[in-house]
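The values are calculated or read from the model by the stated rules, or taken from the named source; none is laboratory data. What you are looking at is a predicted structure, and each value in this text was computed from that prediction instead of being measured. Every residue, glycine as well, gets a Cβ built from its backbone with ideal geometry; the counts of neighbours run over all protein chains shown. Only protein heavy atoms, including side chains, enter the accessible area calculation; ligands, DNA and RNA are left aside. Shrake-Rupley method; radii C 1.70, N 1.55, O 1.52, S 1.80 Å.
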Amino acid sequence: PDDQTVVFVVTSKSYADLVPQLRSVGAFDRRFDVAEFTPVEIGTWFLGQVGLALCDESLLTDIGKVGRLVDDEFKDRRRQRLIALHLQRLANRDTRKLCFDDLVYFAVHGGSETDHVPEESEAMLHRIAVHEAGHALISIIDSNSRNIPDYTSITPGSHFKGVVTDSYAYSFATVGRYTYEDSRHKVRVQLAERVAEAIVFGATRVGTFTARSDLRNATAWTKELVGMYGFSAEQ
């Protein structure tokens, strides 16, 4: 019918992305700034994709933590939907409800399905265990037990020999309240593995290959720490 109205809608990261001629009366002359989704909103949407009936209490009782993990590890809706599907397949394969640890597993390993990495020698597994124990121990001690890792493993993955994750509840709690202490904590955790290996194996027998990514991360966090907060008068 002739009286129907056609409305054109366009989205962009910034209103300034549109050329000025389109930002005028009769063109795109009305705009809405859409707020970022909160962790609770992201978690609610994601669990809805998985299916609430498939989730146990560890997923349903702290939806904000779920949302923070999902937003941190799976940045776009395409990946988030894929991970939701992987979780559904896992629940179907194991005929059980899903738990938070299942989500952390995919955050660490990704969604690819691969053959198991060949086992390391006992000596190397011992070194990896000491290395990861250093990360885990300082995560707990330096945070006054606020950052108890959600996942630790010495089983090699496709892109790591061992892994320790932060507590996602701790990460969620720092949103909007990040401090110098929190940045310093990240640096200390990254360097903790070198201290652990030095104590157990000796200062000259600290591993080099497994420490590269930790040193890169510590350097990046240190640059951000100094750039955001300057030098602490007490440290």
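Quick notes on this one:
- 3J(HN,Hα) from dihedral phi, the range 54-62, Karplus parametrisation 6.51/-1.76/1.60, rounded to Hz, x for glycine, proline: 8, 9, 8, 5, 5, 8, 8, 8, 9
- Per residue, the accessible area of the chain comes to 65 Å² when a 1.4 Å probe rolls over the protein heavy atoms.
- The H on the amide N of LEU98, modeled in the peptide plane, is under 5 Å from the matching H of CYS55, ASP56, each at least 5 residues off or on a different chain.
- Candidate values (i) 1.01; (ii) 1.30; (iii) 1.19, label of the one derived for Cα Rg over 2.2 N^0.38 Å: (ii)
- Protection proxy ranking of 42-54, 6-18 - average other beta-carbon atoms within 10 Å, highest first: 42-54, 6-18
- Carbon and sulfur %, accessible surface of the chain computed with the full protein complex present, 1.4 Å: 55 percent
- Available extension along the chain between GLU113 and PHE37 is 24.3 nm, counting 0.36 nm per residue and deducting the alpha carbon span.
- Prolate/oblate/rounded label for the range 14-105 (Cα gyration tensor, a/c 1.5): prolate
- Length gained on full extension, VAL25 to LEU52: 5.1 nm, using 0.36 nm per residue less the C-alpha separation.
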